[in-house]
Protein chains: 2
Amino acid sequence: MAEKKLEGAGLRGQVAGHTALSTVGKAGKGLTYRGYAIEELAEKATFEEVAYMLLYGHLPNQSEYDEYSAKLKSYRRLPDELKEVLQRVPKSTHPMDVLRTGSSMLGNLEPEGDFSNQNETADRILAAMPSIITYWYRFSHQGETIETETDHPTMGGQFLSLLTGETGAIGTLRGPLHGGANEAAMETIEKFSSREEANQGIKKMLANKEKIMGFGHAVYSNEDPRNKIVKAWAKKLGELSGDSLLYEVSEEVETVMTEEKDLFANTDFYMASAYHYLGIPTPIFTPLFVIGRTSGWTANVMEQRADNRIIRPSEEYTGPDKSEWVDMADR
Amino acid sequence: MAEKKLEGAGLRGQVAGHTALSTVGKAGKGLTYRGYAIEELAEKATFEEVAYMLLYGHLPNQSEYDEYSAKLKSYRRLPDELKEVLQRVPKSTHPMDVLRTGSSMLGNLEPEGDFSNQNETADRILAAMPSIITYWYRFSHQGETIETETDHPTMGGQFLSLLTGETGAIGTLRGPLHGGANEAAMETIEKFSSREEANQGIKKMLANKEKIMGFGHAVYSNEDPRNKIVKAWAKKLGELSGDSLLYEVSEEVETVMTEEKDLFANTDFYMASAYHYLGIPTPIFTPLFVIGRTSGWTANVMEQRADNRIIRPSEEYTGPDKSEWVDMADR
C-alpha cells in the first residue's frame, strides 16, 4: 500500500466520510442542518425540534414533538451510581472532563447493546448531559445534591435552573463567576469597563502581538454565519439584564479587530457575553456548547455506523531504518 | 477550500502525521519499534525496557532501568476516589469500558497540567492501568478489595498475580473463564476437544461461510510478524501447564485456514491460548492488549503534540441543498 503525500497538514481538505447533516464552510451554501438555514432554525425552532430533526431526519409534527419532549424529560434522571461517581470528581476538575467521566460511567450503567438501540442511546446521552454537569457543579461548588428530574418543559430551562438554582426570569439569572476563567474570550472582554478602554486596550494588545480569542475560524473564511444570531441574543440579553456594558465592550472589540486586522468575530466571541448574561459560570461555557452539539455528534455517529468503515489514515515513518541492540551492561 | 476525493474509503493510504516509533506493514521493513526488530525485543528486552525506549527514545542503561522500574512500581497505587468509582462499575460492564472510565477518573484526580508533565502522565497511566482493571475485576467478580501496590518487580507479574489472586508459577495460574466469551478467537478454539474435531469443524464453518476470527490483517498482507513470537509462547505455556490441547487445536485451525483459504494467523489468534494458559479470563484479553499498547500510544500522543496540529479531515456533504421550513401545525 503506497503512501500518498498530500497538501495540507492534519488531513485538511481530505474526505473521511459522507454526511447529510450539515454544510460547514461550503462556498455558496451557508450553514445548514439537513438543508435548513441556521438563521431560520434559530428564529423558528426550539432546541428539541432541531435535535429531533438531526436525529430522526425530519421536523417533528406536534404529536412527535410532544412525545419527544416527554421522552427527553424522562431521561433527565441520573442513576445513583453515577451521582456517587460525580460526587467524587474534584471541584478543580475541568467541566469538560466531568462530562467525559460522567458519560463514560453512564455507558457502563446503561450499555447500548447493539446499534439497533442507537436512537435511544443518543436521546439518553443528550438528556443526561445537562443533568451530569449541573449535578456535579452544584455538588462540588455548593455542596448541594440536586434532583435533576425537573418539570421544566425544555432542556434549556432545566439546565439553567439547575445550574443557577434559580427559576426566575432571564434578567435575574445573572450569577457569580466561578472557577478559572478558562474561556479566553470572556477573559479579554471582562477586563474592560468602557468602550473607550476596550478600544485602546485591544489596540495595545495587538501592538504587543497578543492573541485575541474569538476571531477568525479554521473553516469559515469570510464570516461565521452563527455570529449574527448569537450577537443579536447577546444584545437582547444585555438589555434584559439592565447592564449592557459587557455587550458594548464586545462590540467595540469586534470593531477594532475588523478595522485593524480585517478579522471577523466567530460564534465564541458573543457567546461569552450571552452566556454570562444567562448566569452561566465561565468554566461551564464549553460544556454548554458541547451539550448542544451532542445532538449533531450522535447523528453523525449514526451516519458513520451506517457506512461501517474504520477511519484509518496512516503516519509517515521518520525513524531509523535499523537500530542495533546493545545489551544493558554496555549501554 | 476545495475538497479532494481520493481513493480508498476511511482515509486509507492518507498520511495524517509523522512517527519515529514504529513501522507497521511497510514493505521490506518488517515490524520495528524505533528501528529495533520486534523479534529481538521479544527475546531480549523486558516490557519495562521497551516502554522506556518508546517513551524516552533510547534503551535504558542499568541505573535508568532500575529507576524507571521503581517509578512504575510507585505508580501502582490507586487513589481512594478512583477505587470508589471502580466499585460502582457493574460486573457486567465490558472491561474495555472499565479502563475508559477508570483512566478518565484518574485524569480528574491527577490532572496533567501542561505538556511539560507528559512523561510523568504517560508513566502514571501505564502503571495504573493494570491496577484499575484488576481492582475492578476482583471487586465486581469476587467481592474482594485488593491492594494494588505490590512488590512484584514487573508490571506483568503484578498484573497476573492481582488478576488471579495467586502467586504461583505460570503453570499453576490457570484460572476459570469468567464473563461473556467476547474474544471470538477463544470462542472458536475452545469448541474443539481434539485436532481431528478442529479440522472437520473449521472446514464445516468455512463451508457455511462463517467467519473465523484471528486470521488476516487490515495492514499486513502476507504474514503478521508478531504471530511466530506469540505462537512460540503459546506452545511453551501449553507445555508448562501440562495440557497442550488448546495449543494443538489452535495449530490445527491455523493449518486448515492456510490450506483452505490461504489466510495467515494474526497476533490475536495464538494470544487466545497463550493468555488462557496464563490464567487470564477471556473478557480481560483485550484490556491486557491495551495495557501493553499504552506505552506506544502515549509515545504517539507526544509526537502529535510536538507537531501541534489538529487532525481535521472533512466529510463530503450528501444532504439536500435547501430544505423549506414548514410550521408545526402543517407537518
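The values are calculated or read from the model by the stated rules, or taken from the named source; none is laboratory data. Computed from a predicted structure; not experimentally measured. Note that we place each Cβ from the backbone using ideal geometry, even for glycine, and neighbour counts take in every protein chain shown. These area figures cover heavy atoms from the full protein model, side chains too; ligands, DNA and RNA do not enter into them. Shrake-Rupley method; radii C 1.70, N 1.55, O 1.52, S 1.80 Å.
Details
- Here is how far apart the B:M328 label points are across copies: 7.0 nm, shortest first, using a point 7 Å from Cα toward Cβ.
- Per residue, the average separation of C-alpha pairs within less than 8 Å and at least 6 apart gives chain B a relative contact order of 21 percent.
- Heavy-atom SASA rank of B:E210, A:E48 (probe 1.4 Å, accessible area, largest first): B:E210, A:E48
- Most fluctuating residue given options A:F139, A:F289, A:F159, as computed from a GNM of chain A linking Cα atoms under 10 Å: A:F289
- Pairwise centroid distance, computed over Cα atoms, of segment B:245-270 with segment A:262-292, Å: 57
- For chain B, a Gaussian network of Cα nodes joined below 10 Å ranks B:H276, B:H217, B:H18 by mean-square fluctuation, and the top entry is B:H18.
- FRET efficiency estimate (nearest 0.05) - Cβ-Cβ, B:T46 to A:K203, R0 45 angstrom: 0.15
- Solvent-accessible area buried by pairing A with B, both sides, nearest 100 square angstrom, 1.4 angstrom probe: 7300
- Convex hull volume of the Cα atoms of segment B:182-277, normalised per residue: 89 Å³.
- With the label put 7 angstrom out from Cα along the Cα-to-Cβ vector, B:Y56 ends up 5.8 nm from the copy partners, going from closest to farthest.
- Inter-copy label distances at B:F115, using a point 7 Å along Cα-to-Cβ, come to 3.6 nm with the shortest given first.
- Comparing each chain alone with all protein chains together (probe 1.4 Å, DNA, RNA and ligands left out), the residues of segment A:85-124 losing at least 30 Å² of accessible area are A:V85, A:R88, A:P90, A:R100, A:T101, A:S104, A:M105, A:N108.
- Ranking B:E254, A:E190 from most to least accessible surface, computed with a 1.4 Å probe over the protein chains only, gives A:E190, B:E254.
- With N as its number of residues, chain A has a Cα radius of gyration that, divided by 2.2 N^0.38 Å, comes to 1.14.
- A:L240 accessible area, assembled protein chains, probe 1.4 Å, Å²: 110
- Top of B:S221, B:S295, B:S69 by mean-square fluctuation, Gaussian network on chain B, Cα under 10 Å: B:S221
- Listed residues B:E239, A:E120 arranged by accessible area, highest first, probe 1.4 Å: B:E239, A:E120
- Mean separation of Cα pairs under 8 Å and 6 or more residues apart, divided by the residue count, gives segment A:182-277 a relative contact order of 42 percent.
- Helix-only CD estimate at 222 nm, as mean residue ellipticity for chain B, using -39500 (n - 2.57) per DSSP H run (n ≥ 4): -16500 deg cm²/dmol
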